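Q: Please find one structure pasted underneath; my questions will follow.
The values are calculated or read from the model by the stated rules, or taken from the named source; none is laboratory data. Since this is a predicted model, take the numbers as computed values, not measurements. Cβ coordinates were reconstructed from backbone atoms using ideal geometry, including for glycine residues, and neighbour counts include every protein chain displayed. These area figures cover heavy atoms from the full protein model, side chains too; ligands, DNA and RNA do not enter into them. Shrake-Rupley method; radii C 1.70, N 1.55, O 1.52, S 1.80 Å.
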Amino acid sequence: MSKSILVDTTRCIGCGACVAACKEANGLPPSDSLLDLQLSADTLNVVQTHGSIFVRRFCMHCQDPTCASVCPVGALRKTAAGPVVYDPDRCMGCRYCMMACPFGIPRYEWKVALPKVKKCTMCAPRQAKGQQPACTEVCPVQAGIFGERTDLLSEAEKRLREEPAKYFQRVYGKEEVGGTSVLYLSAVPFGQLGLPTNLPLDPLPLLTYRVLSKIPNLVMLGGVLLGGIWWITSRREDVAKAEKE
């Protein structure tokens, strides 16, 4: 079964415990502040302030991740358990994943001699041991909860039904780019939280395939067209030669 994280921004108090726990779990250097950090190779999970609302940002772990589809060496892959994991030994530093991600998540190790791409892996090593991600484990108000994606979707929709005045009536991540393993609830439209709202519902790798699948036909059509042009040109030359004779 596929695991997910449900982030309820109406519950987040901006304590930053999830940021500190993420850094500790991934062996990353601590920061002087735990709020309004930017995602970087040293910070894979952040809590940003939007007015009076605190919003966690980290990898969305797409159901059909574009980052994995464009990686030429298979350094990124979606696991059946839910996380999109990263193999640094395979990465060649091309940064295609950074350009392809619709949420702008992957970051690059600019300060090291042999840089790699860094991003949240939803604590896949912890999950493999039967533990939940460090960020959800330490949240004191359960603003982020961990579980099966189907169960979390049911819980999110239950909250929307039971408290319609409290929530903007949509579960972000349910359908965006084919669905993600990180889901959001909010009291305001998600665009006000810095989340992209102009994304297609189809997985982006599917859109790429639709374009690429037409290339053989275009190549064949182009070949036929060029062949026809060559035949017409040759025929005109033959006719002109015959007329001179």
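Q: Could you pull out every residue, at least 5 positions away or on a different chain, whose amide H is within less than 5 Å of the one on Cys62? Hs are placed 1.01 Å off N in the peptide plane, and Pro or chain starts have none.
A: Amide H neighbours of Cys62: Ser181.
Q: In square angstrom, what is the accessible area per residue of segment 1-147 with a 1.4 angstrom probe?
A: Accessible area per residue, segment 1-147: 47 Å².
Q: Continuing with this model, one more query. Report, to the nearest whole %, how much of the accessible area of segment 1-68 belongs to carbon and sulfur atoms, 1.4 Å probe, protein only.
A: Result for segment 1-68: 52 percent of the exposed heavy-atom area is carbon or sulfur.
Q: Here's a follow-up. How would segment 1-160 be classified by its alpha-carbon gyration tensor: rounded, prolate or oblate, with rounded meaning a/c under 1.5 and the a/b versus b/c comparison settling the rest?
A: Taking the square roots of the gyration eigenvalues as a ≥ b ≥ c, segment 1-160 is oblate.
Q: Once phi is turned into ³J(HN,Hα) by the Karplus curve 6.51 cos²θ - 1.76 cosθ + 1.60 with θ = phi - 60°, what whole-Hz value does each residue of segment 91-104 show in order, with x for glycine and proline?
A: Here the 3J(HN,Hα) series is 4, 10, x, 6, 6, 4, 4, 5, 6, 7, 4, x, 9, x Hz.
Q: In the structure shown, do any of Lys78/Lys119; Lys78/Lys158; Lys78/Lys116; Lys23/Lys116; Lys3/Lys174; Lys23/Lys174 have a Cα-Cα gap over 20 Å, and if so which?
A: Cα-Cα > 20 Å for Lys78/Lys158; Lys23/Lys174; rest within.
Q: Modelling each spin label as a point 7 Å along the Cα-to-Cβ direction, I'd like the Met92/Glu163 distance in nm, to one decimal.
A: That separation, rounded to one decimal, is 5.0 nm.
Q: By accessible area of protein heavy atoms, probe 1.4 Å, what ranking do Asp151, Asp64, Asp8 get, highest first?
A: Per-residue accessible area, sorted high to low, gives Asp151, Asp64, Asp8.
Q: Name the residues of segment 171-190 whose amide N is less than 20 Å from a point 7 angstrom out from the Cα of Ser154 along the C-beta direction?
A: Correct set: 171-175, 180-185.
Q: For the peptides 42-50, 136-144, 172-180, 187-195, what is the packing order when you average, over each peptide's residues, the other Cβ atoms within 10 Å and list the highest mean first?
A: Sorting 42-50, 136-144, 172-180, 187-195 by mean packing, highest first, produces 172-180, 42-50, 136-144, 187-195.
Q: Place a point 7 Å from the Cα of Val73 along the Cα-to-Cβ direction; which residues of segment 85-107 have their backbone N under 20 Å from it?
A: Answer for segment 85-107: 85-101, 106-107.
Q: Then there is this: Which residues' amide hydrogens lie under 5 Å from the amide hydrogen of Cys120, considering only partners 5 or more residues apart or on another chain, with H built in the peptide plane?
A: Cys59
Q: For Arg126 and Val112, compute 0.36 nm times the residue count separating them, minus their Cα-Cα distance, and round to one decimal in nm.
A: Gain in length upon complete extension: 2.4 nm.
Q: Something else: Summing Lys, Arg as +1 and Asp, Glu as -1, what charge do residues with Cβ under 15 Å from the Cβ of Arg161 carry, Arg161 excluded?
A: Spelling it out: positives minus negatives among the neighbours equals 0.
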